[in-house]
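Below is one structure, written out as structure tokens; the observations come after it.
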């Protein structure tokens, strides 16, 4: 992808230096996602951008996660509060590390606080 082709696909986000390139829909065929063209495109993007964030597959689809993780500097697990079980998250972390995919951290998504808003607002 040339610089002009890249800029025609990348959308600038507001006044920031953040750009967004969408990949389209979900890939149902694992082999299609693991093609050499995917690796080539990621290498090409790395030459144009300092950081690349990829919204990867969900936990049950670890094959694609391992493939994308090996092409990147590592992964961040997004864990759904009150849904993702601790043993599942730990098993995925172990499998990623066994596949030489660094796990950079985890984010707990959609956490709710049982403290009433009036009291919680006084805490900070």
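The values are calculated or read from the model by the stated rules, or taken from the named source; none is laboratory data. Predicted model only: the values in this text are computed from it and were never measured. Cβ atoms come from the backbone with ideal geometry, glycine included; neighbour counts cover every protein chain shown.
Some notes on this structure:
- Filter result for residue 27 (part of a loop (DSSP other than H, G, I, E, B), at pLDDT below 80 and touching a helix residue (DSSP H, G or I) at 6+ places or on another chain (Cβ under 9 Å)): yes
- Yes/no for residue 68 being at pLDDT 85 or above and crowded, with 17+ Cβ neighbours inside 10 Å: no
- Pairs with Cβ under 6 Å, 6+ apart, first in the stretch 55-74 and assigned by TED's automatic domain parsing to the domain that holds residue 106 and closer than 12 Å to residue 92 by Cα, second in a loop (DSSP other than H, G, I, E, B) and at pLDDT 80 or above: 66/99; 66/101
- Residue in the stretch 84-94 that is within 24 Å of residue 38 (Cβ to Cβ) and either at pLDDT 90 or above or not assigned by TED's automatic domain parsing to the domain that holds residue 36 (or both) present: yes
- Residue within the stretch 97-111 that is in contact with a strand residue (DSSP E or B) (Cβ under 7 Å, 6 or more places away or on another chain), in a helix (DSSP H, G or I) and at pLDDT 90 or above present: yes
- Pairs with Cβ under 7 Å, 6+ apart, first in the stretch 113-124 and closer than 21 Å to residue 81 by Cα, second in a loop (DSSP other than H, G, I, E, B): 120/113
- Residues being more than 23 Å from residue 52 (Cβ to Cβ), touching a strand residue (DSSP E or B) at 6+ places or on another chain (Cβ under 8 Å) and surrounded by 13 or more Cβ atoms within 10 Å (Cβ to Cβ) - total across the stretch 81-96: 1
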